[in-house]
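Here the structure is laid out as structure tokens; the discussion comes afterwards.
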Amino acid sequence: MSSDAALHEMQPLGAMLVAAGLIGDADLERALKLRERIGGRLGSVLMRIGALSEDNLLIMLKQQLALPVMGDSVPAPDEDAVRLAALASPVGLDWLLDQQVLVWAGDDDSLICAARDPLLPSLREAMRHAYPGKRIRWCLCRAQDIERMLDALNQARAGDGHESGDVAHLREMAEEAPVVELVNNLMAQAVEQRASDIHIEPEQRQFAVRFRIDGVLHARLRLPRDRYDAVASRLKLISGMDIAERRLPQDGRMSTRVGGQEMDIRVSALPGVHGESIVMRLLPKERKELGLETLGFESDHLALMRAWTAEANGIVLVTGPTGSGKSTTLYAALAAANDGMKKIITVEDPVEFQLPAITQIQAHSEIGLTFASALRSILRQDPDVIMIGEIRDLETAEIAVQAALTGHLVLSTLHTNDAVSAFTRLIDMGVEPFLVATPIRAVQAQRLVRRLCECARPGKAPAVIAAEVAPFAQQLFGDQPAQWMEAVGCSKCLNTGYRGRLGIYEMIPVSEPMQQLIVSGANVNEMRTLARSEGCRFLREDGLLKAWQGKTTVEEVLRVTGS
């Protein structure tokens with residue numbers, strides 16, 4: 001049976017996708033209605049509405065059409081091979097570019113063809129006439145791969161091009177179907193690979209796309225620079241930015257469906273030498289229920305955090321750099337404190353995800369709704385627990401202190417490198433030392449380390465590391481033997497050896513001796529010495545305890561703690 005005849009007997013794609021659990025019936029119905037209006041293939045429409053990723057579509061198309069995928073079952077050609085085959089083609093380079101077709105020679109004297117729509121009867125007929133007697137093998141191709149190859153052909157025809165800065169032209173480029181598909185597919189890939197951020201970075205001759213997965217950046221693809229303006233315009237358009245403004249930083253946001261998940265996406269554009277660097281932060285709207293016990297606290301730290309969130313008043317601070325999981329810890333603490341008998345109000349910038357039975361306020365500094373101004377109004381709402389997204393300035397710090405001294409429990413974050421530095425940071429802001437020492441109940445510092453994938457294998461730790469962590473392991477786990485592991489790598493973890501993250505913590509209760517050090521203006525080293533004498537363990541030690549239990553590796557802990 002010919003390949004064309006086989007196309008008439010194939011199972012409907014929509015039914016296959018629903019049966020495989022890749023989309024729902026509602027997604028299929030919505031896509032079919034949209035296809036009636038705009039036309040096109042069902043797979044492209046499903047990708048456009050964010051119900052399906054390109055990788056999952058290609059898996060199903062490969063099964064449905066019995067066609068190989070370029071870069072998978074068919075080796076991807078290099079750009080020179082595609083360029084030479086196109087220049088020698090009897091149909092001409094212009095026709096190939098117009099039809100968006102790639103051709104190159106196979107190993108078995110066949111001709112391999114890839115196209116945006118390899119099922120078009122007219123396209124198949126034209127190729128048969130152009131190459132009489134030649135065995136033509138069609139294959140499926142990822143949008144980003146065909147974009148890259150077509151751009152190489154464009155450069156062969158016309159040299160380096162440049163895009164017009166005209167706003168109407170930028171808007172037109174942003175609405176082109178290939179650009180829409182490329183942007184949607186990038187976001188779908190990021191969601192499938194559990195990325196928290198997408199970085200799009202222009203260079204002189206190309207631009208790079210990188211995903212931050214489990215806190216580490218991974219390169220995903222590079223495309224020619226002349227495609228960048230269309231991609232940037234698309235992202236700015238859908239996130240509510242001014243697509244004509246390229247000289248000033250801009251922030252935008254959007255809510256969309258990506259890879260079958262509802263996502264909030266924050267977009268930041270920052271002008272650079274070669275164009276705007278664009279970073280997208282991906283925030284799932286639906287998250288599994290938060291609990292302190294899921295975050296990686298050891299039993300003693302978990303007991304401390306539960307005790308702190310049960311306090312009637314005072315301040316509990318969570319510190320660490322951007323992206324260290326502070327907000328997630330605070331959300332889990334609020335969930336623990338929410339017993340149904342307390343009024344809980346938060347002021348955040350932004351509200352990352354919504355919690356039931358809690359009043360959450362989004363700060364808008366451009367209209368005067370800052371943390372400080374919101375806090376003044378919150379205190380008139382009779383709250384029991386207040387969560388402040390971040391203490392950024394003296395005014396916010398002073399109101400937080402006053403709230404704690406007047407019978408409220410205040411939870412907040414602060415950007416410091418370790419827990420005890422929070423005290424000196426507040427004093428540097430201008431808060432009086434005695435107003436730092438009195439209301440603060442405790443300070444916690446945290447980082448995130450990558451969790452080992454199930455492909456990990458038993459390993460060993462250096463003797464000096466084993467000796468360092470032994471007293472803490474003895475205290476917590478008694479005579480239980482160590483379970484040191486090392487990373488391996490498999491397809492589930494993208495060959496990194498790690499999948500997911502867990503927290504490492506440094507928890508400092510504010511005792512009376514600590515209060516005296518704060519009031520007397522002691523330095524950070526003196527405070528750390530006191531904390532150590534009171535039985536506290538620091539970030540590195542808590543991380544090594546996780547490695548001792550086989551949850552992560554020594555190398556990962558040392559990478560994150562910088563020791």
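The values are calculated or read from the model by the stated rules, or taken from the named source; none is laboratory data. All values derive from a computational prediction rather than experimental measurement. Here the Cβ is made from the backbone with ideal geometry for all residues, glycine too, and neighbour counts use every protein chain on show. Just the protein is used for accessible areas: all its heavy atoms, side chains included, with ligands, DNA and RNA removed. Shrake-Rupley method; radii C 1.70, N 1.55, O 1.52, S 1.80 Å.
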Could you tell me the extents of the stretch 431-507's C-alpha atoms along the three principal axes, largest first, rounded to whole Å?
53, 33, 19
Per-residue accessible area for residue 134 at 1.4 Å probe radius, Å² rounded to 10?
80 Å²
Inverse mean reciprocal Cα-Cα distance (Kirkwood Rh) of the stretch 45-176, Å:
16.1 Å
Folded to 0 to 90 degrees: helix 54-65 orientation relative to the chain principal axis, Cα:
40 degrees
Note down the accessible area of residue 256, probe 1.4 Å, to the nearest 10 Å².
40 Å²
Can you give the Rg to Rh ratio of the stretch 285-425, both from alpha-carbon atoms, with Rh computed by the Kirkwood formula?
0.93
When we measure straight from the Cα of residue 546, which aspartates and glutamates land under 18 angstrom away, once same-chain ones fewer than 8 places off are left out?
214, 293, 298, 300, 454, 468, 479, 486, 506, 555, 556
Taking the Cα atoms of the stretch 514-563, report the difference between the largest and smallest coordinate on each principal axis, in whole Å and largest first.
41, 20, 10
Net charge within 15 Å of residue 70 by Cβ-Cβ distance, Lys/Arg positive one each and Asp/Glu negative one each, not counting residue 70 itself?
-4
How many percent of Cα pairs in the stretch 479-563 exceed 18 Å?
56 percent
log₁₀ I(q)/I(0) of the stretch 309-350 at q = 0.16 Å⁻¹, via Debye over equal Cα point scatterers, no solvent, to two decimals?
-0.47
Using all Cα-Cα distances in the stretch 410-563, what percent lands in each 10 angstrom bin from 0 up to the longest?
11, 34, 27, 19, 8, 1
Bins of 10 Å, starting at 0 and running to the largest distance - Cα pair percent for the stretch 97-243:
10, 33, 32, 19, 5, 0
Of the GluC sites (Glu not before Pro) in the stretch 453-520, those whose Cβ has at most 16 other Cβ within 10 Å and which sit in DSSP loop:
454
How much of the DSSP beta bridge set in the chain is antiparallel, as a percent to the nearest 5?
65 percent
Percent of alpha-carbon pairs separated by more than 18 Å within the stretch 167-310:
61 percent
Would you mind pulling out the separation of the Cα centroids of the stretch 113-153 and the stretch 65-97, in Å?
7 Å
I'd like the orientation of helix 299-309 relative to the chain: the angle between its Cα long axis and the longest Cα principal axis, in ° from 0 to 90, rounded to 10.
80 degrees
Excluding ligands, DNA and RNA, what is the solvent-accessible area per residue of the chain at a probe of 1.4 Å, expressed in Å²?
46 Å²
With both bridge residues required to lie in the stretch 295-410, what share of the DSSP beta bridges run antiparallel, to the nearest 5%?
10 percent
Would you work out which of 91, 64, 28 lies farthest towards the positive end of the dipole of the stretch 1-109? Charges go on Cβ: Lys and Arg +1, Asp and Glu -1.
28
Sort by residue number and report every cysteine in the chain with no other cysteine beta carbon within a distance under 4.7 Å.
113, 139, 141, 536
Output wanted: per-residue J couplings in Hz (rounded whole) for the stretch 526-536, from phi through Karplus 6.51 cos²θ - 1.76 cosθ + 1.60, θ = phi - 60°, x for Gly and Pro.
5, 5, 5, 4, 5, 4, 5, 5, 8, x, 6
Given the candidates 16, 105, 77, the one whose Cα lies deepest towards the positive end of the charge dipole of the stretch 3-112, counting +1 at each Lys or Arg C-beta and -1 at each Asp or Glu C-beta, is 16
What list of ³J(HN,Hα) couplings, whole Hz, do you get for the stretch 98-112 from phi and the Karplus terms 6.51, -1.76, 1.60, once you set θ to phi - 60° and write x for glycine and proline?
5, 8, 6, 10, 10, 10, 7, 7, x, 5, 9, 6, 9, 10, 9
Alpha carbon Rg of the stretch 303-382, scaled by the compact-globule rule 2.2 N^0.38 Å:
1.14
The chain, convex hull of Cα, quarter of hull surface, nm² -> 31.1 nm²
Work out the FRET efficiency for residue 62 and residue 511 from their Cβ-Cβ distance, taking R0 = 56 Å, and round it to the nearest 0.05.
0.30
Given contacts defined as C-alpha pairs under 8 Å and at least six residues apart, what's the relative contact order of the chain, whole-number percent?
9 percent
Report, in degrees rounded to the nearest 10, the 0 to 90 angle that the Cα long axis of helix 121-130 makes with the longest principal axis of the chain.
60 degrees
Once the dipole of the chain is set up with Lys and Arg at +1 and Asp and Glu at -1 on Cβ about the Cα centre, which of 318, 439, 191 lies farthest towards its positive end?
191
Computing the accessible area with a 1.4 Å probe over protein heavy atoms, can you report the carbon and sulfur percentage for the chain?
49 percent
Pairwise over distinct Cα atoms, reciprocal of the mean inverse distance: report the Kirkwood radius of the stretch 1-105 in Å, one decimal place.
15.9 Å
What is the Å³ per residue value for the convex hull set by the Cα atoms of the stretch 346-424?
110 Å³
Subtract the Cα-Cα distance of residue 299 and residue 286 from 0.36 nm times their separation in residues, and report this length gain in nm to one decimal.
1.9 nm
